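Comments concern the structure below.
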Amino acid sequence: MGTPVTPLQPSEFSRPEREGDLTPFLRLLIAGNTLTTEQAQAAFGELMGGQSHPAEVGALLALLARRLPTVEELTGAVLVMRSHMTALETSIDPARILDTAGTGGAPKAFNASTLSAVIAASQGVPVAKNGNRSRTGRGSAEVLEMLGIPLELGLEGQRRCLEQAHFTFCFAPNHNPAARHAMPIRKALGFPTIFNLVGPLTNPAHARRQVVGVYDRAFVPLIAEVLRELGTEHALVYHGLDGLDEMTTGAPTLVAEVTRTAQGGSVRLREVTPESVGVRHGNPLSVAPASLADAARLFRDVLAGRAATTAIEMAVLNAAAALVAGGCAASLAEGVGLARKSIASGAAEAALDRLVAVANG
């Protein structure tokens, strides 16, 4: 019988001796330690270099998935992903740019976050929405593609859309090539990993304004603290208490608001009911589309103001969050009013038409 291996303690940590080696980080985690920001950066730097053994990558992701990641671990992973991404550079100050990407992983009502992005764009907020194809087949990427917006626009096309139509879609696989090293392992594991949280925090246009819907309420304060740590200008992180990763009309929504201050930023946590901001209560799942064609049709109908009341109320509520984070509204109630006017005036539908025209121009 061999001599048991004593797991590393933090004071004994030494950097990997070979490229791609994750063993020192695994031993720290096995011993019950968490990673510092610097250690997380080192670990994910090795992983994204493509030289790590798949078994070590799987072990790292599984160990981190056993518990809530710390602010330091998630911050370190995000910094590495951002350093590896293919960035979208534009003439717009990143401090003005908004992203509406969420984590996914919750029951799917309809494309509220993408609708909120178009409505915000109709009010002049520059939106660079980061996203990927969905497990449902009717997520933001698929719906935008069906509405006539090519996913493979390239950097120049994306820049043109953002500068001329106030909206661009950043198709994540084209901007995060280093993440491909973990993708087969993530699929094999079959459960959410830290990458589900890293993706929405890695905006190719360096957006410093954000709304982030998360699939578990435990992630609300965590993501907010990471965004504060990363210097976000203004963000709202939320989870619907009916289980949705959106601002919801079906229940209160747990919201963490991140604002930039001279002291480095603050986080305020609260619950928001739809009625408290001027939105009618309704079950969002009752209007969930059954197919991609239905999802695209509903998207258009909401922007034109001819969809079911519940769908419009859900879109207006999420647009209000985007308008607050985007700096157009001082409160959710004010944002609701602006979103309603955008739909009623035809500005929301015109913003989508403008986007399709610019994307195909």
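Worth pointing out:
- Flag if L115 is of a type in the set (A, V, I, L, M) and in the same structural domain as A351 (by TED's automatic domain parsing): yes
- Test result for E313, under 21 Å from the mean Cα position of the chain (by Cα), among the acidic types (D, E) and within 22 Å of V118 (Cα to Cα): no
- Sub-9 Å Cβ pairs linking a first residue in segment 45-68 that is over 15 Å from T23 (Cα atoms) to a second residue that is among the aromatic types (F, W, Y) and in a helix (DSSP H, G or I), at least 6 apart or interchain, are L68/F219, ordered by first then second residue.
- Odd one out for D353 among (1) within 26 Å of A106 (Cα to Cα); (2) without any contact (Cβ under 8 Å) to a residue 12 or more places away in the chain; (3) not in a loop (DSSP other than H, G, I, E, B): (1)
- Scanning segment 295-319 for residues that are over 14 Å from E246 (Cβ atoms) and in contact (Cβ under 8 Å) with a residue 60 or more places away in the chain, we see that the one that is surrounded by the fewest Cβ atoms within 10 Å (Cβ to Cβ) is R300.
- Test: residue in segment 180-188 that is surrounded by fewer than 16 Cβ atoms within 10 Å (Cβ to Cβ), more than 20 Å from the chain's Cα centre (by Cα), at pLDDT 90 or above and within 27 Å of F110 (Cβ to Cβ): no
- Among the residues of segment 159-218, just one is touching a Pro at 6+ places or on another chain (Cβ under 6 Å) and either farther than 30 Å from P126 by Cβ or without any contact (Cβ under 8 Å) to a residue 60 or more places away in the chain (or both), namely I185.
- Taking (1) in contact with an Asp or Glu (Cβ under 7 Å, 6 or more places away or on another chain); (2) over 27 Å from P126 (Cβ atoms); (3) among the polar types (S, T, N, Q) in turn, T309 satisfies each apart from (1).
- Residue in segment 254-273 that is over 26 Å from Q41 (Cα atoms), exposed (fewer than 15 other Cβ atoms within 10 Å of the Cβ), touching a helix residue (DSSP H, G or I) at 6+ places or on another chain (Cβ under 7 Å) and polar (S, T, N, Q) present: no
- Qualifying strands (runs of 3 or more DSSP E) (wholly inside segment 213-292; at least 3 residues being in contact with a Lys or Arg (Cβ under 7 Å, 6 or more places away or on another chain)): 234-240, 253-259
- Selection count, segment 87-119, where residues are closer than 20 Å to V214 by Cα and not β-branched (V, I, T): 17
- Among the residues of this structure, G250 does not count as one that is surrounded by fewer than 22 Cβ atoms within 10 Å (Cβ to Cβ) and within 26 Å of E46 (Cα to Cα).
- Hey, S134 without any contact (Cβ under 8 Å) to a residue 40 or more places away in the chain and crowded, with 22+ Cβ neighbours inside 10 Å or not: no
- Residues of segment 114-127 satisfying the condition of being outside any loop (DSSP other than H, G, I, E, B) and touching a Leu at 6+ places or on another chain (Cβ under 6 Å): V118, A120, V127
Conditions tested, residue by residue: (1) over 19 Å from L298 (Cβ atoms); (2) touching an Asp or Glu at 6+ places or on another chain (Cβ under 8 Å).
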{"position": "I92", "(1), (2)": "yes, yes"}
{"position": "K108", "(1), (2)": "no, no"}
{"position": "A117", "(1), (2)": "no, no"}
{"position": "G154", "(1), (2)": "yes, no"}
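- Residue identified as crowded, with 21+ Cβ neighbours inside 10 Å, in the same structural domain as G139 (by TED's automatic domain parsing) and closer than 20 Å to T100 by Cβ among A322, A288: A322
- Across segment 135-148, not a single residue is classified as charged (D, E, K, R), more than 18 Å from L303 (Cβ to Cβ) and assigned to a helix (DSSP H, G or I).
The values are calculated or read from the model by the stated rules, or taken from the named source; none is laboratory data. Fair warning: this is a prediction, and the values are worked out from it, not measured in the lab. Heads up, the Cβs are rebuilt from the backbone with ideal geometry, glycines too, and the neighbour counts pull from every protein chain shown.
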